[in-house]
């Protein structure tokens with residue numbers, strides 16, 4: 001995603017590279033097994049082309065062991081929103097609320 005210009009991914013990679021360069025700051029697990037790259041992208045829209053490409057190309061490697069991602073196609077004329085509760089996300093059709 002960073003290679004495709006996603007700003008949030010660029011920032012996460014930069015943070016990872018900075019931490020990787022400072023092994024004296026690693027916790028015990030990192031010292032024993034090495035540092036791993038595990039992050040999230042909260043601010044990236046879920047219909048971001050780079051995010052979709054990353055998920056399609058990486059498959060299960062693009063999510064953690066406690067997660068599963070499914071790409072769904074939403075019709076172009078449908079207004080949708082991604083809702084979230086306690087870390088779980090889903091796509092819903094937008095409705096008027098008052």
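For this structure, a couple of remarks:
- One residue stands out in segment 40-63 among those that are within 11 Å of the chain's Cα centre (by Cα) and loosely packed, with under 12 Cβ neighbours inside 10 Å: the one that is farthest from residue 14 (Cα to Cα), namely 45.
- Residues satisfying the stated conditions in segment 43-65, i.e. in a loop (DSSP other than H, G, I, E, B) and modelled with pLDDT under 75: 64, 65
- Residue count, segment 66-88 (criterion: at pLDDT 80 or above and in a loop (DSSP other than H, G, I, E, B)): 13
The values are calculated or read from the model by the stated rules, or taken from the named source; none is laboratory data. For clarity, every value in this text was computed on a predicted model and none was experimentally measured. Cβ sites come from the backbone with ideal geometry, for glycine too, and all protein chains shown count toward neighbours.
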